[in-house]
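**Student:** One structure, pasted below without further comment.
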Amino acid sequence: MQKVSIFGATGSIGQNTIDLIKRDPKAYDVVALTGGHNVGQLAKDARALGADVAVTAYEERLPELRAMLARSGVQAAAGQAALEEAAARPADWIMSAIVGAAGLKPGLLALEHGTTLALANKESLVTAGPLLLGTANRNNATVLPVDSEHSAVFQALVGETMDTVERIIITASGGAFRDWPIEALAHATLAEASSHPNWDMGQRITIDSASMFNKSMELIETKEFFGVSPDIIETVIHPESLIHAMVGYNDGAIMAHVGPHDMRHAIGYALHWPERKKLPVDRLDLAQIGTLTFRAPEDARYPALRLARYVMEEGGLTGAAFNAAKEQALDGFIAGQIGFLQMAEVVEQVLDKMSADSGLTNDDITLDNVQQADHLARKQALEIIKNG
Ligand code: NDP
Ligand code: MG
C-alpha cells in the first residue's frame with residue numbers, strides 16, 4: 001500500500017486527487033488530509049478514506065472538526081503547528097495543493113523527510129524555486145509537477161536529455177479577453193474577467209487567466225523546475241487548450257502533449273509515476289475537434305508576460321515580490337479599487353521600487369527572506385493601490 005497525504009484536500013485539486021484515490025482504496029493508506037474552512041468536506045473525506053489525521057488550518061474550527069470526527073478513529077487537529085506536524089508524518093507521496101504562499105512550508109517539510117511531493121501549489125516554485133528543489137536534492141526527495149503545463153513538459157521529456165531541448169512552449173488559452181479590442185480592457189468588469197472560455201475554475205485563477213498572470217507564474221515555474229534559460233521558454237495562445245505544452249528538440253521535432261481539460265490526468269500521472277496507469281478521463285475525439293489553432297500573444301494585451309520575463313531574468317527574491325504584489329493587486333481589482341489593466345501596473349511599480357531599494361536579487365533564498373520579501377511587496381502594493 002502506498003502511504004499518501006493530501007494538503008489542500010478540500011480544494012479543487014485536492015478533491016480531484018481524492019476522486020482518484022477513492023477509486024482504488026486498497027492501493028492507498030491515507031495518512032493526513034488538510035483543509036481550511038471547509039471542515040465538513042474534510043471530515044467526510046477523512047472518514048471515508050480512514051485517514052490517520054485531519055487538519056484544518058484554522059484553530060477556531062477545531063471543535064467543529066472534532067465533533068464531526070467523533071468515534072471515527074480519525075484524529076482531528078488544527079493550526080499551523082498541526083499542519084507542519086502532518087507534513088512531517090512519514091508518507092510515500094504527498095499532494096501539495098494548498099493555495100497561495102501558505103503552501104510552501106508544508107511542502108518543504110515533506111521534502112525534508114524524503115517524500116515524493118506532487119506539486120500543484122504554484123507559489124512554491126515562483127517564490128522559492130531554488131529553496132524547494134535544493135531541499136529535495138539534499139534529502140533525496142522527488143518533486144513531480146501537477147500543473148497541467150508542467151506535467152505535459154515532463155511527459156514530453158521522458159527518455160530525452162535536456163541538452164537536446166531547444167524550446168519549451170507553454171500554451172495559454174488567452175483567457176476571457178483574448179478577442180476583445182485592447183482599448184476595451186481598461187474598462188473590463190469583475191464579472192467579465194471572472195468567466196473563462198474553457199476551464200471551470202475558481203474566481204481568482206480565472207481572473208489570473210484573463211490577465212495572463214497565471215501563465216506568467218507558469219513561465220517562472222518552468223524556468224525553475226526544468227532549470228532552463230528563460231530564452232528557450234515560449235508562450236503561444238492556443239484557444240482550444242488541448243495541447244498543454246510542447247518541447248522542441250534540436251532536430252526540429254516538437255513533442256506536444258494533448259489531453260482533455262481534466263486535472264485528474266496530471267494528478268494521476270504524478271500519482272502513478274514512473275508508471276502510466278488507466279485514468280477516468282474522457283478520450284478525445286480528434287475528428288470531432290477538427291482544428292487546433294495557435295497565435296502569438298500580444299504584448300499590449302498581456303503585460304504580465306513581460307513582467308514574468310523580468311522575474312525570470314532577475315531571479316533571487318523577485319519571484320516572491322512578484323507573487324505577493326500580484327495577489328494584492330488581484331484583491332484590489334476584486335474589491336473594485338483598481339481597474340483590470342492596473343493590476344500589472346501595480347506589480348510593475350512594486351518590482352521597480354523594490355529592486356531599487358532592497359536586495360531582491362539576493363540569491364540566498366531562505367524561508368525567512370522569502371516571507372520578508374512577500375510582506376514588503378504586499379505593503380508596497382497596498383500603498384500604491386491606496387494612492388491610486
Ligand atoms: P482551491 O482554492 O480550490 O483550494 C485550496 C485549498 O487550500 C483548500 O483545501 C483550502 O481549504 C486550502 N487553504 C486555503 N488557504 C489556506 C491556508 N492559509 N492554509 C492552509 N490551507 C489553506 O485551490 P485549487 O485546488 O484550485 O489550487 C490549489 C493550488 O494548485 C494553487 O496554488 C493553484 O494555483 C494550483 N493549481 C490549480 C489548478 C486547478 O485546476 N485548480 C491547476 C494547476 C495548479 P478550504 O477550501 O477548506 O478553505
Ligand atoms: Mg496550468
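The values are calculated or read from the model by the stated rules, or taken from the named source; none is laboratory data. Keep in mind it's a predicted model, so treat the numbers as computed, not measured. No Cβ is skipped: glycine too gets one built from the backbone with ideal geometry, and neighbour counts run over all protein chains shown.
**Student:** For the range 99-144, name all the residues that are closer than 19 Å to Ser209 by Cα and not polar (S, T, N, Q).
**Tutor:** Matches in the range 99-144: Val99, Gly100, Ala101, Ala120, Lys122, Glu123, Leu125, Val126.
**Student:** Please go through the range 95-128 and give me each residue that is within 16 Å of ligand 2 (Cβ to nearest atom) and not in a strand (DSSP E or B), ordered by number.
**Tutor:** Within the range 95-128, Ala97, Val99, Gly100, Gly103, Ala120, Asn121, Lys122, Glu123, Ser124, Leu125, Val126 meet the criteria.
**Student:** Pairs needed: first member in the range 206-231, in the same structural domain as Thr164 (by TED's automatic domain parsing) and farther than 16 Å from Leu125 by Cβ; second member anywhere, within 11 Å of ligand 2 (Cβ to nearest atom) and among the hydroxyl-bearing types (Ser, Thr, Tyr); C-beta distance under 7 Å; at least 6 residues apart or different chains.
**Tutor:** From residues that are in the same structural domain as Thr164 (by TED's automatic domain parsing) and farther than 16 Å from Leu125 by Cβ, the pairs are Ser209/Ser173.
**Student:** Identify all residues within the range 130-153 that are outside any loop (DSSP other than H, G, I, E, B) and more than 13 Å from ligand 2 (Cβ to nearest atom); write none if there are none.
**Tutor:** Scanning the range 130-153 gives Pro130, Leu131, Leu132, Leu133, Gly134, Thr135, Ala136, Asn137, Arg138, Thr142, Val143, Leu144.
The rows are residues; the columns are (1) in contact (Cβ under 8 Å) with a residue 12 or more places away in the chain; (2) crowded, with 18+ Cβ neighbours inside 10 Å.
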{"position": "Ile243", "(1), (2)": "yes, yes"}
{"position": "Val247", "(1), (2)": "yes, yes"}
{"position": "Lys278", "(1), (2)": "no, no"}
{"position": "Ala287", "(1), (2)": "no, no"}
{"position": "Leu292", "(1), (2)": "yes, no"}
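**Student:** If a residue counts only when it is crowded, with 19+ Cβ neighbours inside 10 Å and free of Cβ contacts under 8 Å to residues at least 60 places away in the same chain, which strands (runs of 3 or more DSSP E) contained entirely in the range 1-70 have at least 2 such residues?
**Tutor:** Those strands (runs of 3 or more DSSP E) span 28-35, 53-56.
**Student:** For the range 174-190, which residues satisfy the criterion of being under 23 Å from Asp331 (Cβ atoms), buried (at least 21 other Cβ atoms within 10 Å of the Cβ) and touching a residue at least 60 places away in the same chain (Cβ under 8 Å)?
**Tutor:** Residue satisfying the conditions is Phe177 alone.
**Student:** Say whether the condition of being touching a residue at least 60 places away in the same chain (Cβ under 8 Å) and out of contact with any helix residue (DSSP H, G or I) (no Cβ under 7 Å at 6 or more places or on another chain) is met by at least one residue in the range 319-334.
**Tutor:** yes
Matching residues to (1) surrounded by 24 or more Cβ atoms within 10 Å (Cβ to Cβ); (2) not assigned by TED's automatic domain parsing to the domain that holds Ile267:
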{"residue": "Leu125", "(1), (2)": "yes, yes"}
{"residue": "Leu131", "(1), (2)": "no, yes"}
{"residue": "Arg138", "(1), (2)": "no, yes"}
{"residue": "Leu157", "(1), (2)": "no, no"}
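**Student:** Here's another thing I want to ask about it. Can you report the number of residues in the range 195-209 which are more than 14 Å from ligand 2 (Cβ to nearest atom) and either in contact with a helix residue (DSSP H, G or I) (Cβ under 6 Å, 6 or more places away or on another chain) or within 21 Å of Gly332 (Cβ to Cβ) (or both)?
**Tutor:** Number of matching residues: 3.
**Student:** Taking Gly202 as the residue in question, decide whether it is more than 19 Å from Phe294 (Cβ to Cβ), in contact (Cβ under 8 Å) with a residue 24 or more places away in the chain, within 16 Å of ligand 1 (Cβ to nearest atom) and surrounded by fewer than 17 Cβ atoms within 10 Å (Cβ to Cβ).
**Tutor:** Considered against the rule, which asks whether it is more than 19 Å from Phe294 (Cβ to Cβ), in contact (Cβ under 8 Å) with a residue 24 or more places away in the chain, within 16 Å of ligand 1 (Cβ to nearest atom) and surrounded by fewer than 17 Cβ atoms within 10 Å (Cβ to Cβ), Gly202 comes out as yes.
**Student:** Please state which one of Ile6, Ile21 is modelled with pLDDT of 95 or more, touching a Phe, Trp or Tyr at 6+ places or on another chain (Cβ under 9 Å) and not small (Gly, Ala, Ser).
**Tutor:** When all the criteria are applied, what remains is Ile21.
**Student:** Only one of these conditions is not met by Arg276: (1) more than 27 Å from Thr189 (Cβ to Cβ); (2) in contact with a Leu (Cβ under 9 Å, 6 or more places away or on another chain); (3) in a loop (DSSP other than H, G, I, E, B). Which number is it?
**Tutor:** All conditions are met except number (2).
**Student:** Which condition breaks for Ala88 when tested against (1) closer than 25 Å to Gln372 by Cβ; (2) away from ligand 1 (no atom under 14 Å from the Cβ); (3) buried (at least 16 other Cβ atoms within 10 Å of the Cβ)?
**Tutor:** The one condition Ala88 does not meet is (3).
**Student:** Do we have Lys215 as surrounded by 17 or more Cβ atoms within 10 Å (Cβ to Cβ), under 19 Å from Ala176 (Cα atoms) and of a type in the set (Lys, Arg) here?
**Tutor:** So Lys215 passes the test.
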